[in-house]
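To start, the structure itself, in structure tokens.
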Amino acid sequence: MTQASAATPTWLTTAATVSRWGMGIIFIIAGLAKAWDPVIFYWEAISYVELLNVDRAAWPQIGALAVFVLPVLETGLGVALIADWQRRWVLPLSVGMMGLFIALTGHAWQQGAEMNCGCFGALAERTPGEALVEDLVMMTGLLLAWRWGAGRWKPDFLNSRAVIGAAAVSLVLVLVGYLPESDRIASSDLKSGVTLTDLELSGASVDLSEGTYLVEIFSPRCGRCAMAVPKLNHWHDTPGVPPIVALHNFPVDSQYLADFVQQLQPKYEIASISSSDWKRL
């Protein structure tokens, strides 16, 4: 284990300790946010899997692995960083995990992907570019804590219980939120034949509880959603295809939505729904 040298300036040791605490708090928030809404995180993880050109048949297994591993790992590491528990293993593991995040967000940014990074689940939206900058800053903090932080030689049993307890809480949240939905999302999130009820739509006079519709869940800031508009317009003009309704969770007067409509000229109905309904779908 590397201990802070006696010659290390006090301000540097203090900065390393603050960085360790700060990264611990960030990891806990990120882990619990993912665990709180694992279905949302599943689809955010799948976006990265798709960018890596992984065979579609493997998506459910990789998505489920991310859902069960990352929230638990982040939450446990966050508590371990704050408690300065087993720093010999915790800090290198934290740096390695952050390196993985940097590689993934960097690849998504290089590919020009416009999607939520998934860093904080449904709690906050970040583009891959924004997330890449944040991840580099956080990596700097972790390296600072690893190199100049002063740690304990012996693990505290109470600290180990706190780490295990936090990881267990995260795992329970994942189990409660994900398992009841696992069959439904194994191949797709919103399957054909589902009756949509209790949806309040703004910007369109459509009742999705009656009749048959082809429903798209989209974001006016999503590049892949924009590329789908010509295909949806073609389907709109194709006899026998149900009416198309595209749902988003932006305000009806959003400038993003106005630009989307002006530039792409969608022929189908577009409606705004609440964020909670959007996440549910």
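The values are calculated or read from the model by the stated rules, or taken from the named source; none is laboratory data. Note that this is a predicted model, so its numbers are computed, not measured. A quick note on method: Cβ atoms are made from the backbone with ideal geometry, for glycine too, and the neighbour counts reach across all protein chains shown. Accessible surface is based on the protein model in full, side chains and every heavy atom, while ligands, DNA and RNA are left aside. Shrake-Rupley method; radii C 1.70, N 1.55, O 1.52, S 1.80 Å.
Accessible surface calculations at 1.4 Å, restricted to protein heavy atoms, place the chain at 53 Å² per residue. Ordering V67, M23, T13 by the projection of their Cα atoms onto the charge dipole of the stretch 9-165, which places +1 on the Cβ of Lys and Arg and -1 on the Cβ of Asp and Glu, puts T13 at the extreme positive end. Taking the longest Cα principal axis of the chain as reference, the axis of helix 223-236 is set at about 20 degrees.
To test your reading of the geometry: what angle, between 0 and 90 degrees and rounded to tens, separates the Cα axis of helix 87-110 from the longest principal axis of the chain? The answer is roughly 30 degrees. Relative to the longest principal axis of the Cα atoms of the chain, the long axis of helix 38-51 makes an angle of roughly 90 degrees. Rolling a 1.4 Å probe over the protein chains gives T140 an accessible area of about 90 Å².
Projecting label points 7 angstrom from Cα along Cα→Cβ for T140 and S254 puts them 3.2 nm apart. Placing +1 on the Cβ of every Lys and Arg and -1 on the Cβ of every Asp and Glu, with nothing else charged, gives the stretch 1-143 a dipole about its Cα centre of roughly 500 debye. Taking a point 7 Å from the Cα of E125 along the Cα-to-Cβ direction, the residues of the stretch 238-256 with backbone N closer than 16 Å to it are 247-256. Report in % the part of the accessible area of the chain that belongs to carbon and sulfur, leaving out ligands and nucleic acids; probe 1.4 Å. On the chain, the fraction of accessible area on carbon and sulfur atoms equals 63 percent. Spin-label model, L12/I164: points 7 Å from Cα along the beta carbon direction are separated by 3.7 nm.
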